[in-house]
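Here, each number is a calculation from the coordinates, and none is a lab measurement. Fair warning: this is a prediction, and the values are worked out from it, not measured in the lab. Methodologically, a virtual Cβ is constructed for each residue, glycine included, from the backbone with ideal geometry; neighbour enumeration extends over all protein chains shown.
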């Protein structure tokens, strides 16, 4: 994977995604952090104009975005991360953390969500990505993995979800990147 090629692939695959609107930026009203995210991102209708300092300045945003906002703003985070400009945000973690074997059985909060597992939560969140977007995410993850970032977690996420979502074979090269 080439970094510039991957950045262009991200730009192309996310080009037509519409701003979700100020009313649809967060998925929770619990605590102060989601409201801070909503306030910070309100009116930010072009992800291409968001600098890495802005993105890094709200390190919890990827945790509290609605699914629509996650999809809309993710390319800004991926490109900033590929350029190694983020210090406090790890976008790859938000794309991998609940796609391991353990997550298939670990319940989110049984009293509140019944049998919903972290795997179920992740699959629902990532269902907004089309095949081209998932392929761009795969390329991004391969670069992060090649840089030495959370190799086991990334490998599990690729094998358990992202390769299939992108329509790529399980033997897709996941070990060598430039």
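As a footprinting exposure proxy, order 29, 74, 141, 50 by other Cβ within 10 Å, with the fewest listed first.
Working: 29 9, 74 25, 141 28, 50 17.
Ranked by crowding around the Cβ, least crowded first: 29, 50, 74, 141.
Using 0.36 nm per residue, how much length does the chain from residue 101 to residue 18 gain when fully extended, once their Cα-Cα distance is taken away? Before the final figure, lay out the partial values.
Values: separation 83, 0.36 × 83 = 29.88 nm, distance 3.33 nm.
In short, 26.5 nm is gained.
Taking label points 7 Å from Cα along the Cα-to-Cβ direction, residue 124 and residue 109 give a separation of 1.2 nm. Under the criterion of Cα pairs below 8 Å and six or more residues apart, the relative contact order for the chain equals 24 percent.
Where is the GNM fluctuation largest for the chain (alpha-carbon springs, 10 angstrom cutoff): 38, 115, 68? Highest fluctuation of the listed residues: 115. GNM on the chain, alpha-carbon springs under 10 angstrom: the most fluctuating residue among 138, 60, 108 is 108. Sorting 8, 155 from the fewest to the most surrounding beta carbons within 10 angstrom yields 8, 155.
Computed with the Debye formula from one identical point scatterer per Cα of region 1-88, without solvent, the log10 of I(q)/I(0) at q = 0.20 Å⁻¹ comes to -0.91. Residues considered: 163, 62, 35. Largest GNM mean-square fluctuation over the chain, using C-alpha springs under 10 Å, is found at 35. Exposure proxy shown here: for 32, 63, 13, the number of other Cβ atoms within 10 Å sets the order, fewest to most, as 32, 63, 13. The alpha carbon centroids of region 1-63 and region 105-141 are separated by 18 Å. Each semi-axis of the equivalent ellipsoid for the chain is √(5λ) with λ an eigenvalue of the Cα gyration tensor; in descending order they amount to 24, 22, 14 Å. Every helix of 4 or more DSSP H residues in the chain counts as -39500 (n - 2.57), and over all residues that averages to -14000 deg cm²/dmol at 222 nm.
Label-to-label distance for residue 59 and residue 4 is 3.2 nm, based on points extended 7 Å past Cα in the beta-carbon direction.
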